[in-house]
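Take a look at the structure set out below.
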Amino acid sequence: MADVTEPPRESFRLSQLIYDARYRSLTIQVIAAILIMLLLVELIDNTVTNLAALGKDIGFGFLWTTAGYDINQQLIPFSSQDTHARAALVGILNTLLVAALGCILATIIGVLAGVLRLSKNWLVARIMTFYVEAMRNTPLLIWILIVFAVMTEATPQPRAFAEGGTASMILWDSVAISNRGVFIPRPIWGEGSGFVIAVFLISVAAIFVFRRVARRRQEATGQQLPVLWVSLGLFFVPALLAYFIMGRPVTLELPELGGFNFSGGVQIRNSFIALWLALALYTSAFIAEIVRSGILAVSKGQTEASFALGLQPNRTMQLIILPQALRVIIPPLISQYLNLTKNSSLAIAVGYMDVRSTLGGITINQTGRELEGMLLLGIFYLITSLIISALMNVYNSSVRLKER
C-alpha cells in the first residue's frame with residue numbers, strides 16, 4: 001500500500017490578519033479595543049491633570065464628613081450631624097421607594113387602560129384613548145408640577161380640620177388630606193406583633209403556592225379551583241386570627257390636629273405624592289400601549305376558539321390571551337420600568353429628597369466633589385437598572401411559551 005502523505009500546512013503570515021476572513025474580524029476587534037483603552041487613558045490623564053491644576057485630587061473621603069443638612073423625608077433615622085454617606089443612603093432609599101411604588105401603580109393602571117382601549121364600548125375606548133394620548137404627549141415634568149400644584153393648592157390647610165372648620169378627615173377620622181401632605185395612622189408594634197407578621201408572610205407565600213397548584217391541576221385535569229376566594233381568605237383570615245389570639249398587639253396612632261399642623265401618625269409629603277402619581281400615570285400610558293399591542297398580537301382565532309369551548313371573556317383573557325401576549329409585553333415593559341426609575345431624578349423639581357438631590361445635589365455643592373459625586377450617582381443608576389433588567393429577564397424566561 002502506498003504511503004498517504006498529508007499536504008503541507010500553510011505557514012501563518014501576518015498579512016492573514018487583514019486579508020484572511022478567518023482572522024480579519026478578530027483583528028478589527030482587537031484594534032478597536034486598543035483605541036478605546038487609549039482614549040480612556042487619555043481622558044483620565046487629562047482629568048487628573050486639570051484637577052491638579054485647580055488644586056484638587058480624586059478621592060471619596062468626603063463621604064465620611066458631616067453632612068450638615070437635613071432631609072425632610074426619611075426611611076431611616078438621619079440628622080444633620082450624620083455623614084454624607086448616610087445622606088446618600090437616605091436618598092437612595094427614597095429613590096428606590098418611589099420607583100418601586102411607581103412601577104406597581106403604573107403596571108396596574110397600564111394593564112387596565114390597555115385592556116379597556118380594546119373595549120367594544122365606544123365611550124370607554126375613547127376615554128382611554130384620550131387618557132393615553134394626553135399622558136404620552138405631555139412632558140413628564142409638567143405632570144409632576146400639575147399634580148404637585150393640585151396637592152398644595154386644591155387641598156385645605158390643616159386649620160380647616162379644626163372643630164367647626166370646612167374640612168374633615170376621612171376613613172373614620174383616621175386620614176387627613178391637607179396642603180402639607182397626607183397624614184395616615186402610624187402602626188405601633190407591641191409584644192406579639194412579630195408572630196402576627198410571620199403568620200401574614202406565611203399566608204402570602206401560601207397564596208402563591210395554592211395558585212401554582214391550582215394552575216397545574218387545571219392543566220392536568222381541566223378542573224378549576226376557587227382561586228380568588230381562597231386567596232382572599234388566606235390573605236385576611238390567618239392574620240386576623242393571629243391578631244386577636246395575641247391580644248391585638250398592633251395598634252394605630254391616629255393623626256390629631258395640634259396647633260397649626262397635625263401631630264402623630266405618618267406624614268406623606270406632597271412632594272412624594274406628586275412625584276409618585278406623575279411617574280405612575282405617565283408611564284402607565286406607555287404600558288397601556290404595550291399591553292394593547294401584545295393583546296392584538298394574539299390571533300383572533302384563539303379568542304374565537306375559546307368562546308366556542310364555552311369560556312367566559314374574563315377566563316379567555318386570563319388563560320388564553322394574556323399568557324401568549326406576555327412574550328410581546330415583557331421586553332418593552334422592562335424599558336418602561338427602567339425609564340420610570342431614571343425619571344425619578346426629576347424629584348428635585350418638587351423638593352423630594354432623592355439620591356439626585358442628596359448625593360448629586362447638596363453634597364456636591366457643599367464638598368465641591370462634582371466628579372466623584374456624579375460618578376457615584378451614575379454607578380447607582382447603572383447598578384439599579386442592571387438589577388431591574390436582570391430580574392425582569394428572569395421573569396420573562398419563566399413566562400415564555402414552552403414549545404413541545
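The values are calculated or read from the model by the stated rules, or taken from the named source; none is laboratory data. Given the structure is predicted, the values throughout are model-derived calculations rather than measurements. Glycine also receives a Cβ, built like all others from the backbone with ideal geometry; neighbour counts cover every protein chain displayed. Accessible surface is based on the protein model in full, side chains and every heavy atom, while ligands, DNA and RNA are left aside. Shrake-Rupley method; radii C 1.70, N 1.55, O 1.52, S 1.80 Å.
Exactly one residue out of ALA154, ALA149, ALA100, ALA125 is without any contact (Cβ under 8 Å) to a residue 40 or more places away in the chain and more than 24 Å from ALA274 (Cβ to Cβ): that is ALA125.
Of all residues in the range 217-244, those that are of a type in the set (S, T, N, Q) and open to solvent by 80 Å² or more (accessible area, probe 1.4 Å) total 3. Which condition breaks for LYS120 when tested against (1) closer than 25 Å to VAL298 by Cβ; (2) within 22 Å of the chain's Cα centre (by Cα)? Of everything listed in (1) closer than 25 Å to VAL298 by Cβ; (2) within 22 Å of the chain's Cα centre (by Cα), LYS120 misses just condition (2). Residues in the range 116-142 that are modelled with pLDDT of 90 or more, of a type in the set (A, V, I, L, M, F, W, C) and open to solvent by 40 Å² or more (accessible area, probe 1.4 Å): LEU116, TRP122, LEU123, VAL124, ILE127, PHE130, LEU141, ILE142.
Exactly one residue out of SER284, SER271 is in contact (Cβ under 8 Å) with a residue 12 or more places away in the chain, open to solvent by less than 50 Å² (accessible area, probe 1.4 Å) and touching a Phe, Trp or Tyr at 6+ places or on another chain (Cβ under 8 Å): that is SER271. The conditions of being closer than 27 Å to VAL291 by Cβ, part of a helix (DSSP H, G or I) and open to solvent by less than 100 Å² (accessible area, probe 1.4 Å) are met by ALA214. Before we move on, is ARG292 under 30 Å from LEU54 (Cβ atoms), in contact (Cβ under 8 Å) with a residue 24 or more places away in the chain and basic (Lys, Arg)? So ARG292 does not fit the description; no.
Close Cβ contacts (under 6 Å, 6 or more residues apart or on different chains) running from residues in the range 29-51 that are within 30 Å of ILE18 (Cα to Cα) to residues that are assigned to a helix (DSSP H, G or I) and open to solvent by less than 100 Å² (accessible area, probe 1.4 Å) are absent.
Being more than 30 Å from GLY351 (Cα to Cα) and surrounded by 14 or more Cβ atoms within 10 Å (Cβ to Cβ), is that true of even one residue in the range 178-187? Within the range 178-187, not a single residue is more than 30 Å from GLY351 (Cα to Cα) and surrounded by 14 or more Cβ atoms within 10 Å (Cβ to Cβ). Looking at the range 130-150, can you tell me whether even one residue there is among the hydroxyl-bearing types (Ser, Thr, Tyr) and closer than 27 Å to GLY110 by Cβ? The answer is yes; a qualifying residue exists. For PHE208, all conditions in the list (1) free of Cβ contacts under 8 Å to residues at least 40 places away in the same chain; (2) closer than 30 Å to GLN73 by Cα; (3) of a type in the set (A, V, I, L, M, F, W, C); (4) loosely packed, with under 14 Cβ neighbours inside 10 Å hold save one; what is the number of the exception? Going through the list (1) free of Cβ contacts under 8 Å to residues at least 40 places away in the same chain; (2) closer than 30 Å to GLN73 by Cα; (3) of a type in the set (A, V, I, L, M, F, W, C); (4) loosely packed, with under 14 Cβ neighbours inside 10 Å, PHE208 breaks only (2). For the range 356-368, a tally of residues being under 17 Å from ARG269 (Cβ atoms) and surrounded by 24 or more Cβ atoms within 10 Å (Cβ to Cβ) returns 1. Set side by side, the residues LEU382, LEU376, LEU391, LEU371 differ, and just one is part of a helix (DSSP H, G or I), surrounded by fewer than 16 Cβ atoms within 10 Å (Cβ to Cβ) and in contact (Cβ under 8 Å) with a residue 60 or more places away in the chain, which is LEU371. With the structure loaded, tell me whether ALA347 is crowded, with 20+ Cβ neighbours inside 10 Å, within 29 Å of ILE290 (Cβ to Cβ) and of a type outside the set (Lys, Arg) or whether it fails that test. Spelling it out, ALA347 is indeed crowded, with 20+ Cβ neighbours inside 10 Å, within 29 Å of ILE290 (Cβ to Cβ) and of a type outside the set (Lys, Arg). Do we have any residue at all in the range 326-339 that's of a type in the set (A, V, I, L, M, F, W, C) and either open to solvent by 50 Å² or more (accessible area, probe 1.4 Å) or at pLDDT below 85 (or both)? Checking the range 326-339: at least one residue is of a type in the set (A, V, I, L, M, F, W, C) and either open to solvent by 50 Å² or more (accessible area, probe 1.4 Å) or at pLDDT below 85 (or both). Per the listing ALA67, ALA106, the residue uniquely open to solvent by less than 40 Å² (accessible area, probe 1.4 Å), touching a strand residue (DSSP E or B) at 6+ places or on another chain (Cβ under 7 Å) and either in contact (Cβ under 8 Å) with a residue 60 or more places away in the chain or farther than 30 Å from LEU338 by Cβ (or both) is ALA67.
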